[in-house]
Structure formats: structure tokens, C-alpha cells
Amino acid sequence: MLTRETLRVLVVDDQKSMRQLICTSLRGLGVVHIQNAEDGAMALATLRSRPFDLVLLDAEMPKLNGIETLTAIRGEERLRGLKVIMVTGRADVEFIQQAAKLGIDGYLVKPVSSNALSARIDAAIRKTA
């Protein structure tokens with residue numbers, strides 16, 4: 001059974017300070033297996049090289065943005081079932097609908113609170129169980 005202590009999380013954001021903030025919040029919530037990537041291309045390379053349970057994915061990034069990265073994840077058989085939570089400053093309905101059509105597992109608007117992050121992680125764990 002997946003728990004916060006066993007959950008393997010990849011944090012993807014082009015802003016180093018945001019990656020650090022999210023990683024610190026994750027550690028405070030009991031998540032210990034955390035890696036990060038600074039863009040979608042790096043995220044895909046990391047996801048292909050080792051197993052993860054959850055991706056916290058920024059929407060606005062260079063190289064591959066969040067939607068492009070999510071499309072690639074959903075397009076690869078080995079990664080398709082991966083839980084992905086979009087973490088972004090965007091809250092417009094069109095963007096949220098586009099992410100939903102691609103099978104997003106959750107959505108968090110920046111700045112991310114620990115309570116909201118905790119709730120989305122718990123929901124992702126429950127979906128996996």
C-alpha cells in the first residue's frame with residue numbers, strides 16, 4: 001500500500017525557489033522520496049529512467065510546458081498511469097478544462113498551501129490504492 005513515506009514524487013518547475021518550497025512542504029508532510037526537474041524535457045528523461053508515483057507539474061515552463069509534458073506522459077504506455085497534479089498560477093477555465101481532458105489527477109494554484117498539497121497527495125494515494 002502506498003503511503004506518504006513510500007510515495008516517490010517528482011517536482012517539476014522552472015523556478016528553483018518554487019521547487020525548493022514545494023520540496024520543503026512535501027518533507028513536512030512526511031514525503032521522503034523526492035526528486036526535481038527544472039523543465040518538462042528533464043522531467044520526461046527522469047520519469048523514463050526510474051519509477052515515480054506522483055508528479056507535481058508546473059504549467060508554464062520553457063522547452064516543454066506542463067500541457068506538453070502531460071501529453072507526453074499520457075502518450076507513453078509505461079507512464080500513462082502516473083498520477084499528475086498540475087501546480088500553476090493559472091486558474092482560467094479553458095486551461096483547467098484542457099488539463100482535465102488530458103487526465104490530470106489534481107490541480108493546485110500557486111502559492112500552494114501545505115493543507116491543499118496534503119489533500120491532493122492523499123487523494124492521489126487513494127486513487128492508487
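No lab work stands behind these numbers, since they all come straight from the coordinates. Just so you know, these numbers come straight off a predicted model, no measurement behind them. Counting neighbours? That spans all protein chains shown, and the Cβs are built from the backbone with ideal geometry, glycine included.
Remind me, relative contact order of segment 74-117 in percent, using alpha carbon pairs under 8 angstrom and six or more residues apart?
Normalised by residue count, the contact order of segment 74-117 is 44 percent.
Between D58, D14, D92, where does the largest GNM mean-square fluctuation fall for the chain, given springs only between Cα atoms within less than 10 Å?
D92
Testing the spin-label approximation: label points 7 Å from Cα along Cα→Cβ at L21 and R48. State their distance in nm.
3.1 nm
What is the distance in Å between the Cα centres of segment 35-49 and segment 1-32?
Value for the Cα centre distance between the two parts: 14 Å.
Which whole-number percentage describes the relative contact order of the chain, with Cα contacts under 8 Å and a sequence gap of 6 or more?
Reported relative contact order: 23 percent.
What lysines sit close enough to K127 to cross-link, taking a C-alpha to C-alpha distance under 22 Å and skipping anything fewer than 8 places away on the same chain?
Candidates past the 8-residue exclusion: K83, K101.
Just the ratio, please: alpha-carbon radius of gyration of segment 14-66 over 2.2 N^0.38 Å, N its number of residues.
1.12
With springs only between Cα atoms under 10 Å, which of T69, T88, T24 fluctuates most in a Gaussian network model of the chain?
T24
Dipole of the chain (Lys/Arg Cβ +1, Asp/Glu Cβ -1, origin at the Cα centre): which of C23, M42, V87 lies farthest to the positive side?
The Cα lying farthest towards the positive end belongs to C23.
Taking the Cα atoms of the chain, what is the range of coordinates along each of the three principal axes, in descending order and whole Å?
31, 31, 25
With springs only between Cα atoms under 10 Å, which of R50, R90, R19 fluctuates most in a Gaussian network model of the chain?
Highest fluctuation among the options: R50.
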